[in-house]
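The values are calculated or read from the model by the stated rules, or taken from the named source; none is laboratory data. Not measured: the values here are computed from a predicted model. Positions of Cβ are generated from backbone atoms using ideal geometry, with glycine treated the same way; all protein chains shown enter the neighbour counts. Side chains are part of the model used for accessible areas, which takes the heavy atoms of the whole protein and leaves out ligands, DNA and RNA. Shrake-Rupley method; radii C 1.70, N 1.55, O 1.52, S 1.80 Å.
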Amino acid sequence: SSIRVQVPTYKSYNLIGNFYTKRIQHRARGILETSTVFQKSNTKFLVNATSGHPLESEPKAYPNTPWNSAKNALDAFYRFSRPHTVIGTALSIISVSLLAVEKLSDISPLFFIGVLEAVVAALFMNIYIVGLNQLSDVEIDKVNKPYLPLASGEYSTITGIMIVTSFSIMLPLLRWKRFALVAAMCILAVRAVIVQLAFYLHIQTHVFSRPAVISKPLIFATAFMSFFSVVIALFKDIPDIEGDKIFGIKSYTVRLGQEKVFWTCISLLEMAYGVSILVGATSPYTWSKVI
């Protein structure tokens, strides 16, 4: 189903409305028909976000009780923290930590404490990063991601700064989003190299007190995630093309077009998973062959 967005007849609002309608039509494939209530609330949400007005709650729909206030606050922080990145970070740390396990006895309370140390530190830094991105891109997010707390007006800029500085006191002076290659290299460096090597060595040396070695599984994981990280860097800009055009962000999607970037990403993923299948099939371990 599609959601028709009613916005003022300004040129920029029409652009935003058309863009958002296309995104809703695309995402609606394969899911249940959106209810009338959601259509009305989503239309109002978009208009508030794109016009810069704070998001207003529906009268009588959500009584201002302590319970509802707490739920709304948690929901706003949940969206601010970009949960898909939090989940990805936690899973990547756990998986790369398991590469350091050599025998069953390695799975001990010491191991779990070491993993927990790494996960907590990484999640704090993750929230700092996504929060800083949102503070830098409020106007763009009003077009591309109007549901985010800063873009919708649920959070003020001061609130966003307070959250970000609570997780890290160092604020970078560079905004690299405008340079597509540099932005992609940042993602590649973190997801493909730093996460793999640093957290593996954390478990290997700090938790297990073993010498630092670069194993074949670690090399494979790093190589695979290099392909995967390039896809992340390219794919994340595909749905954001309209906002990026308006604000002069020369991403590869803006330069090459959505379809070309999409199929490039698909090809890279096919290559990565194809090599993974070959590596697993030729592994000396039966369980690896089966998987």
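State which residue pairs qualify: first residue under 22 Å from Ser156 (Cα atoms) and inside segment 53-72, second residue at pLDDT below 50 in any location, beta carbons under 6 Å apart, and separation of 6 or more residues or different chains.
What qualifies is Leu55/Asn48.
Mind checking which residues of segment 114-128 are of a type outside the set (Gly, Ala, Ser), open to solvent by less than 80 Å² (accessible area, probe 1.4 Å) and free of Cβ contacts under 8 Å to residues at least 40 places away in the same chain?
Those that are of a type outside the set (Gly, Ala, Ser), open to solvent by less than 80 Å² (accessible area, probe 1.4 Å) and free of Cβ contacts under 8 Å to residues at least 40 places away in the same chain: Val119, Val120, Leu123.
Which one is surrounded by the most Cβ atoms within 10 Å (Cβ to Cβ), of the residues in segment 230-259 that are among the β-branched types (Val, Ile, Thr) and in a helix (DSSP H, G or I)? Spell out the reasoning first.
Let us first name the residues in segment 230-259 that are among the β-branched types (Val, Ile, Thr), namely 230-232, 238, 241, 246, 249, 253-254.
Okay, now just the ones that are also in a helix (DSSP H, G or I), so 230-232, 238, 241, 246, 253-254.
Numbers: Val230: 21, Val231: 17, Ile232: 18, Ile238: 16, Ile241: 18, Ile246: 16, Thr253: 24, Val254: 18.
Among those residues, the one meeting the criterion is Thr253.
What helices (runs of 4 or more DSSP H) completely inside segment 131-229 contain at least 2 residues that are at pLDDT 85 or above?
Values: elements: 138-144, 149-152, 157-167, 180-187, 195-201.
Output list reads 138-144, 149-152, 157-167, 195-201.
Among the listed residues Phe111, Phe80, which satisfies the condition of being in contact (Cβ under 8 Å) with a residue 24 or more places away in the chain, open to solvent by less than 20 Å² (accessible area, probe 1.4 Å), over 30 Å from Ser209 (Cα atoms) and hydrophobic (A, V, I, L, M, F, W, C)? Reasoning before the result, please.
Working: Phe111 fails: over 30 Å from Ser209 (Cα atoms).
Going through Phe111, Phe80 in turn, the sole match is Phe80.
From the list Val101, Val115, Val96, which residue is of a type in the set (A, V, I, L, M, F, W, C), outside any helix (DSSP H, G or I) and farther than 22 Å from Tyr78 by Cβ? It would help to see each step written out before you state the result.
Working: Val115 fails: outside any helix (DSSP H, G or I); Val96 fails: outside any helix (DSSP H, G or I).
Result: Val101 is the single residue among Val101, Val115, Val96 that is of a type in the set (A, V, I, L, M, F, W, C), outside any helix (DSSP H, G or I) and farther than 22 Å from Tyr78 by Cβ.
Please verify whether segment 261-284 includes one or more residues that are polar (S, T, N, Q) and open to solvent by 100 Å² or more (accessible area, probe 1.4 Å).
yes
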